[in-house]
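The values are calculated or read from the model by the stated rules, or taken from the named source; none is laboratory data. The structure presented is a predicted model; accordingly, all values stated were derived computationally and were not measured. Note that each Cβ is placed from the backbone with ideal geometry, even for glycine, and that neighbours are counted across all protein chains shown.
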Amino acid sequence: MIRRSRALAAVLLTAVLVTTSACSGSDKKDSSAAAANGKSGEPTKVSYVTGFGAVGRDAFAWVAKEKGYFQAAGLDVDIQKGAGNTQNLTLLKSGQVQFAAMDFSGATVLSGQGKFTNWRAVAAIHQQTLVSIMTTKDTGITKPTDLAGKKIATGSGTVSELLFPAYAKLAGLDPKTVTMQGVQPTALNGLMAQRKVDALSTFLLSKKALETTSKKEVVVMPYSDYLGDLFGNVIVARDDVINSDKELVKKFVGAMLQGLQYTLDHPDEAAAILNKAEPSAKIPAAIGEITAMKPYTSPPNGAPLGYLDQQRVARSIAVLQGNGLMPAGLTPDKVADFSFVTQS
């Protein structure tokens, strides 16, 4: 199945790679603010916004703070709760935050469309997209082609909605035969539980929540079965921060990945840390998300946690362009800096 995605990507891959400019030159000196903080011994203050609220998939930021990883790196990090790609990119653009988590495919499309271009991914959280079709077993839907003539609810304006046509075509389903209903993401599980829709296009990490709400067995059809080159969530930084203070970015990425690794190794403790910082984050749900995302965080071929493969980024751009989601011309170096997590 994944081969079909790669075959499509190959159509545009050569053009993408040929036009990719060489990695930018030598690192620039630390910014005056960071240098001043270094001299005074005070930690450097930065702000980070999570992918979406305070949930298990974003627990690692609070873990990095609680376990002292930020402090050891000389950072004082203000963790803010995000609300998806558009809001997070808006916060980055306005300078209200320096770092953010977000879905890489959705952010890449927005960059390719020229809407948000002042950021680059610096580390991968999920090595594959976590967008999935989910339904309850009693619907009888077991494969993508069963969705013909059905109604699917998805978060309005989310990457789940954005990627569905590409997923459907690769899975042998005419997307025009499906009715897509855009709703608030928080309404999805209720709609499915009440059988007001036949399926959801959402993140597989919410499987446990859907099972709890519907009290039924849930069937999951991951987009990654057909779109295997697409990354899930990534950590991004503002371009001007990368250009002016790469050492700061390196320290931030290192501390965040320590937090991510500890979270994956100790989901119960990570969920408790999240709940302590954000009491609305229920521990069982957080444990469920952390456990569910663990298989999607390990890079292939023994690469380190957080690794962004440049060839895969090029193929993902080709897939997104090939499905008409953005015009040609975007290159990997415009949406990612590959120097912060390397294989060596």
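Reported count of residues in segment 305-344, each being surrounded by 17 or more Cβ atoms within 10 Å (Cβ to Cβ) and not in a loop (DSSP other than H, G, I, E, B), is 15. Pairing residues of segment 250-261 that are touching a residue at least 40 places away in the same chain (Cβ under 8 Å) and in the same structural domain as residue 236 (by TED's automatic domain parsing) with residues that are in a helix (DSSP H, G or I) and aromatic (Phe, Trp, Tyr), at Cβ distances under 6 Å and at least 6 apart in sequence or on separate chains, gives 255/69; 255/70; 258/69; 259/60; 259/69; 260/60. Within segment 216-271, track down each residue that is aliphatic (A, V, I, L, M), buried (at least 22 other Cβ atoms within 10 Å of the Cβ) and part of a helix (DSSP H, G or I). If the condition is that a residue be aliphatic (A, V, I, L, M), buried (at least 22 other Cβ atoms within 10 Å of the Cβ) and part of a helix (DSSP H, G or I), then 241, 242, 248, 249, 255, 256, 257, 260, 270, 271 are the ones that fit. Within segment 54-75, being of a type in the set (Gly, Ala, Ser), touching a helix residue (DSSP H, G or I) at 6+ places or on another chain (Cβ under 6 Å) and crowded, with 24+ Cβ neighbours inside 10 Å holds for 56, 59, 64.
Against the conditions (1) at pLDDT below 90; (2) within 25 Å of residue 94 (Cα to Cα); (3) touching a strand residue (DSSP E or B) at 6+ places or on another chain (Cβ under 9 Å), residue 38 satisfies every one except (2). Taken over segment 80-118, residues that are in contact (Cβ under 8 Å) with a residue 60 or more places away in the chain, over 14 Å from the mean Cα position of the chain (by Cα) and outside any loop (DSSP other than H, G, I, E, B) amount to 3.
Listed by first and then second residue, the pairs linking a residue in segment 193-213 that is closer than 16 Å to residue 156 by Cβ and touching a residue at least 40 places away in the same chain (Cβ under 8 Å) to a residue that is among the aliphatic types (A, V, I, L, M) and in a loop (DSSP other than H, G, I, E, B), with Cβ atoms under 8 Å apart and 6 or more places separating them unless they lie on different chains, are 203/130.
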